[in-house]
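The values are calculated or read from the model by the stated rules, or taken from the named source; none is laboratory data. Everything quoted here is computed from the prediction, not taken from an experiment. Cβ placement follows ideal geometry from the backbone for every residue including glycine, while neighbour counts extend to all protein chains displayed.
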Amino acid sequence: MSVAAAILGCSGPRLTREEAAFFHAVKPWGFILFARNIESPDQVRGLVLSLRDTVGRADAPILIDQEGGRVQRLNPPHWGRYPPGRAYGDLVGNDPLLRREITRLGARLVAHDLALLGINVDCVPVLDVPDPAGHEIIGDRAYGHAPDQVALLGRAAAEGLIAGGVLPVIKHIAGHGRARSDSHQELPVVDARWDELEARDLAPFKVCSDMPMAMTAHVIYSAVDRKRPATTSKKVIKRVVREAIGFDGLLMSDDLSMKALQGSFTDRAEASLAAGCDVVLHCNGDMNEMKAVLAGTGALKGRAERRADAALGRIAKAPEPFDAAEGRARFDAAFEGRFAA
């Protein structure tokens, strides 16, 4: 079966006839859910089944951004609240082992929530190391300001997700922390020297280079490529992502509808894949945009297909044994109830 090298969104809590027919025809590799797609557990489970039915694959990846804090698509009253990454980094003074334990526990709880819905990919952890002069779009989403702490807690979060049968996506490779603008709105340019990037920005990604999936940053790193953001830069993807960081998992673009990118949606998809992304991501569910994206997206094949298969192969046959009620009680106690539902 031919599968398109794309991950797509849908417009609402239920598929329209047009969406179902389109997805059936183009067969994207996966799908992504947002708050507009969420009403209740039963509704989400039904939507997940409908999406997989359109492509005829029971293991089709269903993604979501369930970071906690500002970026949480599943919310009370049906799902628990989770803190932003920074809250884990601020726990209990200087006890890194406890911070690591609670970060893993938080991710394991999220994985439990997602697995009950059939969602098998979470776009976590954020491995960006924020710079004091950087834009607030990362801000408290980061686990801390030091590369070592971001690496330690980011890896803990990834391991917690994997233990619960959910794949992590490390982002935003090769680092959004120095960006002085929001790539949702415009194209950031980072002028740091290569040695500065390697020592700070790349460090957490190296620690997590064995993870199954990564998402690119729509950011120009002028030390490597003065013209193109990482998503569409052969230089950045080859020299930085694949070689310097050593990441050989599935590389997906960040959302093609973000204003950091230029050109038509067909051009954006073609440029991302030509640069070395394995799959492209389009999130907003706009049918005309999705059709344009797919016009620039070929079949998932070759090395990209092998990476996609290897990523899905990292999903455990059965999740690690886990008492969700006990885990949630321990989690709430660590934060003194500040994030209880």
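Each row is one residue, and each column tells you yes or no for (1) closer than 24 Å to VAL3 by Cα; (2) in a helix (DSSP H, G or I); (3) out of contact with any helix residue (DSSP H, G or I) (no Cβ under 7 Å at 6 or more places or on another chain).
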| site | (1), (2), (3) |
| --- | --- |
| ILE32 | yes, no, yes |
| VAL48 | yes, yes, no |
| ASP53 | yes, yes, yes |
| ARG57 | yes, no, yes |
| GLU67 | no, no, no |
| PRO77 | no, no, yes |
| TYR82 | no, no, no |
| VAL92 | no, no, no |
| GLY106 | no, yes, no |
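Within the stretch 321-341, residues that are surrounded by fewer than 16 Cβ atoms within 10 Å (Cβ to Cβ) sit with their Cβ atoms under 6 Å from residues that are not in a helix (DSSP H, G or I), at 6+ positions apart or across chains, in these pairs: ALA341/PRO76; ALA341/GLY80; ALA341/ARG81.
Here is the figure for the stretch 183-201: residues that are part of a loop (DSSP other than H, G, I, E, B) and either touching a Lys or Arg at 6+ places or on another chain (Cβ under 9 Å) or under 19 Å from ALA156 (Cβ atoms) (or both) total 8. Within the stretch 270-296, being more than 17 Å from ILE237 (Cβ to Cβ), in contact (Cβ under 8 Å) with a residue 60 or more places away in the chain and not aliphatic (A, V, I, L, M) holds for HIS282, CYS283, ASN284, GLY285, ASP286, LYS291. The one condition from (1) buried (at least 20 other Cβ atoms within 10 Å of the Cβ); (2) in contact (Cβ under 8 Å) with a residue 60 or more places away in the chain; (3) more than 17 Å from LEU312 (Cα to Cα); (4) of a type outside the set (Ser, Thr, Tyr) that ARG45 does not meet is (1). Here ILE220 clears all of (1) surrounded by 17 or more Cβ atoms within 10 Å (Cβ to Cβ); (2) touching a Gly at 6+ places or on another chain (Cβ under 9 Å); (3) under 25 Å from TYR143 (Cα atoms) except the condition numbered (2).
Does the stretch 210-236 hold any residues that are more than 18 Å from SER183 (Cα to Cα) and touching a Cys at 6+ places or on another chain (Cβ under 9 Å), and which are they? Passing the criteria: only MET213. Take ALA260 and decide whether it is in contact with a Gly (Cβ under 8 Å, 6 or more places away or on another chain) and surrounded by 21 or more Cβ atoms within 10 Å (Cβ to Cβ). Answer is no for this residue. Of all residues in the stretch 204-229, those that are within 19 Å of ARG193 (Cβ to Cβ) have Cβ atoms under 6 Å from Cβ atoms of residues that are part of a loop (DSSP other than H, G, I, E, B) and acidic (Asp, Glu), 6 or more apart or on another chain, in SER222/ASP191. In this structure, is TYR143 closer than 17 Å to PHE335 by Cα and touching a residue at least 60 places away in the same chain (Cβ under 8 Å)? For TYR143, the condition - closer than 17 Å to PHE335 by Cα and touching a residue at least 60 places away in the same chain (Cβ under 8 Å) - is not met.
On inspection, ALA35 passes the criterion of being among the hydrophobic types (A, V, I, L, M, F, W, C), surrounded by fewer than 16 Cβ atoms within 10 Å (Cβ to Cβ) and touching a residue at least 12 places away in the same chain (Cβ under 8 Å).
Just one of the listed residues (ALA311, ALA324, ALA299) is touching a strand residue (DSSP E or B) at 6+ places or on another chain (Cβ under 8 Å), modelled with pLDDT of 95 or more and within 20 Å of ALA107 (Cβ to Cβ), and it is ALA311.
Candidates in the stretch 48-78 are the residues that are in contact (Cβ under 8 Å) with a residue 60 or more places away in the chain and more than 20 Å from the chain's Cα centre (by Cα); of these, the one that is surrounded by the most Cβ atoms within 10 Å (Cβ to Cβ) is LEU49.
Among the residues of the stretch 141-149, is there at least one that is modelled with pLDDT of 95 or more, farther than 14 Å from LYS171 by Cβ and among the hydrophobic types (A, V, I, L, M, F, W, C)? Yes: the stretch 141-149 contains one or more residues that are modelled with pLDDT of 95 or more, farther than 14 Å from LYS171 by Cβ and among the hydrophobic types (A, V, I, L, M, F, W, C). crowded, with 21+ Cβ neighbours inside 10 Å, β-branched (Val, Ile, Thr), in contact (Cβ under 8 Å) with a residue 60 or more places away in the chain and within 22 Å of LEU251 (Cα to Cα): does that describe ILE173? When the stated conditions are applied, ILE173 passes them. Looking only at the stretch 108-146, count how many residues are small (Gly, Ala, Ser), surrounded by 19 or more Cβ atoms within 10 Å (Cβ to Cβ) and closer than 25 Å to ILE315 by Cβ. Adding up the residues that qualify gives 1.
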